[in-house]
Amino acid sequence: QLESGIIEEFVFAPRDFGQYIWLPHRPVIKEDAQTTPKIRPVFNASLKTRKDKRSLNESSYQGVNIMQNMLHLLLKFRTNSKVLLGNLEKAFLQIKLKLLRDKNRFCFFLKDGDRIRCFRYNTLWFGYVCSPFRLNFVLTHIAGLHSDDECSQMMRTSFFVDNLVVTGDSTGKLARLY
């Protein structure tokens, strides 16, 4: 993530610790052949630091629900004979944060020997309550930038978060959409 610009390392003065939101995290390790990468961080924005405090997710507005109805997408499997499934790879991590004040909101640190290294996200990340809304808003916005063809219509109506479900009776039509 550091090499690809998703995160960046930064130095801060200890007196400025409270100006950042520090995300607790742990690694998830998957050893099956299909999964890449094998190790990924999972952040806990639902952690409460004290019983009388709200978590980051409880304190954040999740946005309106503009996602497609999952039941509607699942019922498509019963309507046509062929299906096109897809997944936007690293969907949240592809949406860049432009403003420094936004980057300062999602930080974490790692212990590297005797040294503490601090990082901040330059993108959205999975685990934040409003990330699905933001992703779907961006998908809808991108679809609206183009003519109202089958592809832009598919982007507006066939995604649930980062998962695509399209059905049809024509392999050729689904292949063109792909």
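The values are calculated or read from the model by the stated rules, or taken from the named source; none is laboratory data. Source: prediction; values computed, not measured. For neighbour counting, all protein chains shown are included, and Cβ atoms are generated from backbone atoms with ideal geometry for every residue, glycine included. The protein model used for the area step is the full one, side chains on, heavy atoms only, and it has no ligands, DNA or RNA in it. Shrake-Rupley method; radii C 1.70, N 1.55, O 1.52, S 1.80 Å.
Scanning the range 31-72 for residues that are under 19 Å from the mean Cα position of the chain (by Cα) and of a type outside the set (S, T, N, Q) yields a total of 17. Looking at the structure I just gave you, is LEU75 within 20 Å of the chain's Cα centre (by Cα), of a type outside the set (Gly, Ala, Ser) and open to solvent by 30 Å² or more (accessible area, probe 1.4 Å)? Answer is no for this residue.
Of the residues making up the range 1-30, those that are in a loop (DSSP other than H, G, I, E, B) and either touching a Gly at 6+ places or on another chain (Cβ under 6 Å) or open to solvent by less than 40 Å² (accessible area, probe 1.4 Å) (or both) are GLY5, ILE6, ALA13, TYR20, LEU23.
In the range 100-108, is there at least one residue being open to solvent by 50 Å² or more (accessible area, probe 1.4 Å), closer than 22 Å to LEU73 by Cβ and in contact (Cβ under 8 Å) with a residue 40 or more places away in the chain?
At the first step, the residues of the range 100-108 found to be open to solvent by 50 Å² or more (accessible area, probe 1.4 Å) are 100-101, 105.
Subsequent filtering for residues that are closer than 22 Å to LEU73 by Cβ retains none.
Within the range 100-108 (the criterion being open to solvent by 50 Å² or more (accessible area, probe 1.4 Å), closer than 22 Å to LEU73 by Cβ and in contact (Cβ under 8 Å) with a residue 40 or more places away in the chain), the answer is no, since none of the residues qualifies.
Number of residues in the range 130-157 that are open to solvent by 40 Å² or more (accessible area, probe 1.4 Å) and part of a loop (DSSP other than H, G, I, E, B) equals 5.
Would you please name the residue that is nearest to HIS72 (Cα to Cα), looking only at residues in the range 158-169 that are touching a helix residue (DSSP H, G or I) at 6+ places or on another chain (Cβ under 9 Å) and outside any strand (DSSP E or B)? Steps first, please.
Narrowing the range 158-169 to residues touching a helix residue (DSSP H, G or I) at 6+ places or on another chain (Cβ under 9 Å): 158-168.
Checking which are outside any strand (DSSP E or B) leaves us with 158, 161-162.
Details: SER158: 9, VAL161: 14, ASP162: 16 Å.
Checked the range 158-169; the qualifying residue nearest to HIS72 (Cα to Cα) is SER158.
Filtering the range 31-71 to residues that are under 12 Å from GLY127 (Cα atoms), of a type in the set (A, V, I, L, M) and open to solvent by 80 Å² or more (accessible area, probe 1.4 Å) leaves only LEU47. Restricting SER147, SER152 to residues that are touching a helix residue (DSSP H, G or I) at 6+ places or on another chain (Cβ under 7 Å), small (Gly, Ala, Ser) and over 19 Å from VAL11 (Cα atoms) narrows the list to SER152. Hey, could you check the range 134-178 for residues that are out of contact with any strand residue (DSSP E or B) (no Cβ under 6 Å at 6 or more places or on another chain) and of a type in the set (Gly, Ala, Ser) and say which is farthest from LEU97 (Cα to Cα)? Among those residues, the one meeting the criterion is SER170. Only residues that are at pLDDT 80 or above, out of contact with any Leu (no Cβ under 9 Å at 6 or more places or on another chain) and part of a loop (DSSP other than H, G, I, E, B) were counted across the range 35-75, and they come to 11.
Out of curiosity, is VAL161 closer than 18 Å to ASN80 by Cβ, of a type outside the set (S, T, N, Q) and crowded, with 18+ Cβ neighbours inside 10 Å? No, not satisfied.
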